[in-house]
1. Residue by residue through segment 93-120, note down the ones that are closer than 26 Å to residue 445 by Cα and at pLDDT 70 or above.
2. Failed condition for residue 472, given (1) under 28 Å from residue 128 (Cα atoms); (2) surrounded by 18 or more Cβ atoms within 10 Å (Cβ to Cβ), with all others met?
3. When the residues of segment 437-461 are narrowed to those that are in contact with a strand residue (DSSP E or B) (Cβ under 6 Å, 6 or more places away or on another chain) and part of a loop (DSSP other than H, G, I, E, B), which ends up modelled with the highest pLDDT?
4. Counting only residues that are surrounded by 10 or more Cβ atoms within 10 Å (Cβ to Cβ) and at pLDDT below 70, which one in segment 70-92 is farthest from residue 494 (Cα to Cα)?
5. Evaluate the following for residue 197: is it surrounded by fewer than 13 Cβ atoms within 10 Å (Cβ to Cβ), assigned by TED's automatic domain parsing to the domain that holds residue 386 and at pLDDT 95 or above?
6. Which of (1) more than 30 Å from residue 410 (Cβ to Cβ); (2) surrounded by fewer than 24 Cβ atoms within 10 Å (Cβ to Cβ); (3) modelled with pLDDT of 95 or more is the odd one out, the single condition residue 277 does not satisfy?
7. For segment 257-301, which positions are under 22 Å from the mean Cα position of the chain (by Cα) and within 30 Å of residue 185 (Cβ to Cβ)?
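The values are calculated or read from the model by the stated rules, or taken from the named source; none is laboratory data. Keep in mind that this is a model prediction, so the values were computed, not measured. As a convention, Cβ positions derive from the backbone with ideal geometry for all residues, glycine included, and neighbour counts pool all protein chains shown.
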């Protein structure tokens, strides 16, 4: 029987169609033969032999006529099979291309396009923050213009669009970030970076000055609705220049030479240093900043976000930074001070501690503005901030913040003129706030609400971006009325 079956298959080997049919029959006959062998022992071999004869007759009919009485594998049916196979292969290729490791396009922390060899890439991402703010003050007496004790409303605090990726190879990277912030459009980050060696990079363009940690953290990961008023006053902001960064193990060093810093003082206020032309009078004689970080515990990646996610584990990061700047003209200086060329030096120390479910970020910052004039005293400014968060569920975090600042707006007693920080000369900040974050989809979709109270008047630290407005005069006639309250709620979405 075995030989008969082999003869049946081999006799149709020259025809693919027949080979398929014969193979199928061979499988069926093999089953029957196995049954026959067992059945022989039971005395029923005659019946099985009859079934085998019937199968042989069926094979003979199929050999002569094909399935259905004709040629099954027609040209039309061949094309149908080919189309099905093509569709299956195309679907498999699409699913594979959406995996970033071999990707040409897809989504992972933003939509991306990659060349097949990875030499060129572009990633598109961004975010939107829509906010409602209510502010209540005890006094607006003495302030310029018509102002109400209470103010409220919605605003689109930030919309940012970001393009980033690499060119030529992975060692050449770039970033272009445009922003709409409280109705003002600007070009924020725009730089090219080259990896010179393992752990060493050089960046040129416009970027954040590497000074204050709270500012270096991106907007969407702020623990409360917005950054602190201390940060808004002391940050050097963004500027154009060149930067070197080196990281090895648990240590990171960064240094930059820039067009200048955003400085607020009674002697001069530099204003925004972004997007300056090379001949601008706002450019300083020199402006340098350096920062060092020591990772005492944890992983570098977890410190991109100040929240103490349960998945991150314990981490400690210590940072120290310094800045120095010299103005080479009288830009931003009130005429009553004469032709002075102020210089600025500053320093900050910060500490970040993250637990599984909690976190703390704190820092102190100091800045000295020297008019370089024997008749005028230096202005010594100081600020301090501490904030913390505690997860009460996997998606809900309670947060709190305290901040204090002294802008030293009157180092010579009564200012010679209305100083350039604010219109009332009041220099102290003293506020506390509490809030809650609801991480609907981590930082990608988040709802934040907070309530902040000013225990002193808001003067030099006025910052409409984070909500606090200038206070009016108190009972003594000074611009020191306390008791301002702000309540904020913000919805955030990142893509």
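1. 105, 106, 107, 108, 109, 110, 111, 112, 113, listed by residue number.
2. (1)
3. Only one residue fits best here, namely 444.
4. Among them, the one singled out is 71.
5. Working: surrounded by fewer than 13 Cβ atoms within 10 Å (Cβ to Cβ): yes; assigned by TED's automatic domain parsing to the domain that holds residue 386: yes; at pLDDT 95 or above: yes.
In short, yes.
6. Evaluating residue 277 over (1) more than 30 Å from residue 410 (Cβ to Cβ); (2) surrounded by fewer than 24 Cβ atoms within 10 Å (Cβ to Cβ); (3) modelled with pLDDT of 95 or more leaves (3) as the failure.
7. 274, 291
Listed here are the residues, each with its yes/no results for (1) farther than 30 Å from residue 382 by Cα; (2) free of Cβ contacts under 8 Å to residues at least 60 places away in the same chain.
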| site | (1), (2) |
| --- | --- |
| 160 | yes, yes |
| 166 | yes, yes |
| 173 | yes, yes |
| 180 | yes, yes |
| 195 | yes, yes |
| 198 | yes, yes |
| 217 | no, no |
| 225 | no, no |
| 238 | no, yes |
